[in-house]
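Here the structure is laid out as structure tokens; the discussion comes afterwards.
Values in this text are rule-based calculations from the coordinates and carry no lab data. Because the structure is a prediction, the values reported are computed rather than measured. Here Cβ is always computed from backbone atoms with ideal geometry, including for glycine, and neighbour counts include all displayed protein chains.
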Amino acid sequence: MVLYSHLTLCADRSLCSLVCKWTYDGKKHSWDSKFLSDIGLEDLTRDDFRKIGSIVLPPGSVCGHVTAEAAQQLGVPQGTPVASSLIDAHAGALSLLTASREGPAGTLAVISGTSSCHLICSESRHDVPGVWGPYYGALLPGQWLAEAGQSATGALCDH
């Protein structure tokens with residue numbers, strides 16, 4: 001269960017997470033039933049993929065509103081709109097890419113922390129060996145996202 005489901009009781013899933021981490025096809029808006037069956041996970045295809053997400057929300061979509069219980073626990077107003085989630089580095093990239101004067105396509109966002117991620121959007125699909133993706137719609141509508149990076153950035157800073 002993701003944080004926004006605890007805030008809103010919404011069981012919908014984030015397109016960003018599903019496309020980038022769960023093999024959901026953002027272009028076709030569907031799961032690959034054959035792939036899941038081939039790897040022995042056909043049970044995930046039952047009930048319209050209920051276990052892994054049958055309703056998938058693009059970034060920025062309101063998935064629900066803060067419940068009374070969550071509002072009391074967190075001290076935020078009940079009914080506050082809550083958006084679908086983004087992967088942490090993708091959230092940083094969203095702010096950088098949309099701030100570009102030339103627009104997001106072709107602008108490289110570098111997000112650093114314990115790891116570093118290099119993210120770039122394009123209006124067309126580019127398959128690059130060694131680069132994750134491309135992921136359709138994972139960050140911006142109608143854009144393909146490619147991602148690369150270094151997993152040990154934080155440890156490298158110690159040297």
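Would you please state which residues of segment 1-27 a label at ALA71 would reach in this model, taking the label point 7 Å out along Cα→Cβ and a backbone N cut-off of under 13 Å? Within reach of a label on ALA71, which here means backbone N under 13 Å from a point 7 Å along Cα→Cβ, segment 1-27 contributes 8. The relative contact order of the chain, computed from alpha carbon pairs under 8 Å that lie at least 6 residues apart in sequence, is 21 percent. If both residues of a DSSP beta bridge must be in the chain, then about 85% of such bridges are antiparallel. With the Kirkwood sum run over all distinct C-alpha pairs, segment 3-83 has a hydrodynamic radius of 13.9 Å.
Labels on offer are [x] 106; [y] 118; [z] 161, and the one holding volume of the Cα convex hull per residue in Å³ computed from this structure is [z]. Highest mean packing comes first when the peptides 90-98, 69-77 are listed by Cβ atoms within 10 Å, giving 90-98, 69-77. Think of it as helices only: each DSSP H run of n ≥ 4 in the chain is worth -39500 (n - 2.57), and spread over all residues that comes to -7000 deg cm²/dmol at 222 nm.
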